[in-house]
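Here the structure comes first, spelled out in structure tokens, and everything after it is commentary.
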Amino acid sequence: MESAILKATNFNASFGENHILKNINLEVHKNNVWAIMGPSGCGKTTFIRCVNRMHELAPNATAEGSLKLKGEEIYEMNPVMLRRKVGMVFQRPNPFPTMSIYDNVIAGYILNGIKLSKMEKDNIVETSLKQAALWREVRSTLYKKGGFLSGGQQQRLCIARALAMSPEILLLDEATSALDPISTSMIEELIHQLKSEYTILMVTHNMQQAARVSDKTAFFYLGELIEANNTKTIFTNPKHEKTQEYITGHFG
Amino acid sequence: MALKSWKKKQTPLDKEMLHLKSELIKMWELVLSQLRKAEEALTKKDKDLAREVVSTEKRVNGYELKIDSDCEDILALFAPVAVDLRFLLAVLKINMNLERTGDIAEGIAKFVIGLPEGFDIQLLEITRANEMFKQGNEMISEVMEAFEKEDTLLARKVFKKDDLLDDINKNAATVIAEYISKNPSKIESALYILSSIRKLERVGDQAKNMAEEIIFYSEAKVLKHKSKSKKNKNEDEE
């Protein structure tokens, strides 16, 4: 079997005394879309924030155990280099408001001080915007500010910005929860297209979205990974009672 | 298991499904009463009772349409998953099985209405059609109880009971041929009863299908087209 692109082995994460993730064991293979589900406070966002080491930006944050990206320990990598390989999109679209659409896409290169020729930049901008299904809408307004776009367009711009760095993994933290159904469906369609090239981990509270979009689903509860399986199995015949209670709305 | 465990917190979806369950049980009771009346109509050559069965069939059809439409609404509005989804799929199929069982009762009742003069009632005993009636009705009744109580052990018992119906059905042609050779003037009666036997055998099939659906939604196991020995094994034995 192909080796995992991301592998957590007895992975733990804490904020001071607060033990958030407990002995997580998970293997994520290339070109899979994983949905991370669970009630608020279960550790799902902490988990994906550990993958690009944003978790450690909080005071008193600690992590133990092993978390590997393509066989390399994430917590031994240079965080700046790591974040080039692990793109992230957040709940609220956050394009740089003073930058043009064009500069937003290549912001990763600008902020990292990577020099590119005009032709390289043009290529990256066009390819990334096409991958994010935004090119046709913005190709004539590339030098306008990103903040003028609609919410759905801004979120796709953020996805284009993440894709511009050609990441190994794309993390989506409730990336559609602030969007209307049309923008949501465009992003879901986009995820379907992107999975041929990228591996995606998405945190979502929308169970139907997890069912529609992901190949695999992981259910977290109180910091533990309760069940990880094919999405079809999770939504038709979950093996763990807690998973069944959660997805059928019988929690609490 | 399924709806039983929802006692601690009942969601709006649970309420819809409990209502659906009670509607399906009402339909089940009606179909069972149709079968019993068809049996009585045949054994007593009671054409009025047979007419009642035929006219009541419309109510069975009404239940079928209502349950189909309720399932469609629940699927559209609640997007159920896991055991809830399996329950709804099972209800849709049981609904169809029950409607077909109702059709069988109606078919037998129509035979009674058209029974030839001098129909030999002894044929019921000779061909063992009366045993088939008893067994078929018992199977439908037990599967209903299994559905009501979500009891998969009880559902599994039905698979064995179907053997009797299969045996009688298999031997029916020989028995009837022998009868016809001895009573050539009663050919019409014999053919009538043979047709009823074929129908009663299908009652057993419908009961088995419904038992499979109960096991499917409760245990997430697909027993369709499995051998009898595999069907009879319960969860722990597998």
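Within the stretch A:85-111, the set of residues being over 13 Å from the mean Cα position of the chain (by Cα) and closer than 14 Å to residue A:166 by Cα comprises A:105, A:106, A:107, A:108, A:109. Residues considered: B:124, B:200, B:194, B:154. Of these, the only one that is surrounded by fewer than 22 Cβ atoms within 10 Å (Cβ to Cβ), within 16 Å of the chain's Cα centre (by Cα), at negative phi and of a type in the set (A, V, I, L, M, F, W, C) is B:154. Every condition in (1) farther than 19 Å from residue A:6 by Cβ; (2) hydroxyl-bearing (Ser, Thr, Tyr); (3) in a helix (DSSP H, G or I) is met by residue A:45 except one, and the failing one is (1).
Considered as a group, the residues in the stretch A:11-27 that are under 14 Å from residue A:225 (Cα atoms) and without any contact (Cβ under 8 Å) to a residue 60 or more places away in the chain include one that is surrounded by the fewest Cβ atoms within 10 Å (Cβ to Cβ), and that residue is A:27.
Within 14 Å of chain B (Cβ to nearest Cβ), crowded, with 17+ Cβ neighbours inside 10 Å and not β-branched (Val, Ile, Thr): does that describe residue A:208? No; evaluated as a whole, the condition is false for this residue. When the criteria are applied in full, residue B:36 meets the requirement of being open to solvent by 70 Å² or more (accessible area, probe 1.4 Å) and under 15 Å from the mean Cα position of the chain (by Cα). If you filter the stretch A:81-95 down to residues that are hydrophobic (A, V, I, L, M, F, W, C) and open to solvent by less than 70 Å² (accessible area, probe 1.4 Å), you find that the one that is farthest from residue A:173 (Cα to Cα) is A:82.
The set of residues from the stretch A:73-131 being within 23 Å of residue A:143 (Cα to Cα) and touching a Cys at 6+ places or on another chain (Cβ under 9 Å) comprises A:89, A:93, A:94, A:95, A:104.
Against the test of being more than 11 Å from chain B (Cβ to nearest Cβ), acidic (Asp, Glu) and buried (at least 16 other Cβ atoms within 10 Å of the Cβ), the options A:189, A:245, A:174, A:197 yield a single qualifying residue, A:174.
When residue B:57 is tested against (1) over 17 Å from the mean Cα position of the chain (by Cα); (2) open to solvent by less than 20 Å² (accessible area, probe 1.4 Å); (3) free of Cβ contacts under 8 Å to residues at least 60 places away in the same chain, exactly one condition is not met: (1).
If you check residue A:124 against the conditions, is it buried (at least 22 other Cβ atoms within 10 Å of the Cβ) and in contact (Cβ under 8 Å) with a residue 12 or more places away in the chain?
Considered against the rule, which asks whether it is buried (at least 22 other Cβ atoms within 10 Å of the Cβ) and in contact (Cβ under 8 Å) with a residue 12 or more places away in the chain, residue A:124 comes out as no.
Please tell me if residue A:165 is away from chain B (no Cβ under 14 Å) and assigned to a strand (DSSP E or B). The answer is no for residue A:165. Counting the residues of the stretch A:76-115 that are in contact with a helix residue (DSSP H, G or I) (Cβ under 9 Å, 6 or more places away or on another chain), over 17 Å from residue A:57 (Cβ atoms) and assigned to a helix (DSSP H, G or I) gives 9. Taking the stretch B:74-133 as the range and being within 14 Å of chain A (Cβ to nearest Cβ), in contact (Cβ under 8 Å) with a residue 60 or more places away in the chain and among the β-branched types (Val, Ile, Thr) as the test, the residues that pass are B:74, B:83.
As a summary of the residue check, residue B:25 satisfies the conditions (1) modelled with pLDDT under 95; (2) in contact with a helix residue (DSSP H, G or I) (Cβ under 7 Å, 6 or more places away or on another chain); (3) surrounded by fewer than 15 Cβ atoms within 10 Å (Cβ to Cβ) except for the one numbered (1). Is at least one residue of the stretch A:62-70 among the aliphatic types (A, V, I, L, M) and either open to solvent by 70 Å² or more (accessible area, probe 1.4 Å) or over 14 Å from residue A:167 (Cβ atoms) (or both)? The answer is yes, given that some residue of the stretch A:62-70 is among the aliphatic types (A, V, I, L, M) and either open to solvent by 70 Å² or more (accessible area, probe 1.4 Å) or over 14 Å from residue A:167 (Cβ atoms) (or both). Scanning the stretch A:227-240 for residues that are out of contact with any helix residue (DSSP H, G or I) (no Cβ under 6 Å at 6 or more places or on another chain) and either free of Cβ contacts under 8 Å to residues at least 60 places away in the same chain or surrounded by fewer than 17 Cβ atoms within 10 Å (Cβ to Cβ) (or both) yields A:229, A:230, A:232, A:233, A:234, A:236, A:237, A:239, A:240.
Restricting A:184, A:243, A:248 to residues that are without any contact (Cβ under 8 Å) to a residue 40 or more places away in the chain and in contact with a Leu (Cβ under 9 Å, 6 or more places away or on another chain) narrows the list to A:248.
Of all residues in the stretch A:214-226 being touching a strand residue (DSSP E or B) at 6+ places or on another chain (Cβ under 6 Å) and either crowded, with 21+ Cβ neighbours inside 10 Å or in a helix (DSSP H, G or I) (or both), which is farthest from the other protein chains (Cβ to nearest Cβ)? Working first, answer last.
Residues of the stretch A:214-226 touching a strand residue (DSSP E or B) at 6+ places or on another chain (Cβ under 6 Å): A:214-219, A:223-226.
Within this subset, residues satisfying the condition of being either crowded, with 21+ Cβ neighbours inside 10 Å or in a helix (DSSP H, G or I) (or both) are A:214, A:216-219, A:223, A:225.
Working: A:214: 13, A:216: 16, A:217: 11, A:218: 16, A:219: 12, A:223: 23, A:225: 18 Å.
That would be A:223.
The values are calculated or read from the model by the stated rules, or taken from the named source; none is laboratory data. Everything quoted here is computed from the prediction, not taken from an experiment. Note that each Cβ is placed from the backbone with ideal geometry, even for glycine, and that neighbours are counted across all protein chains shown. Side chains included, ligands, DNA and RNA excluded: accessible areas come from the protein's heavy atoms. Shrake-Rupley method; radii C 1.70, N 1.55, O 1.52, S 1.80 Å.
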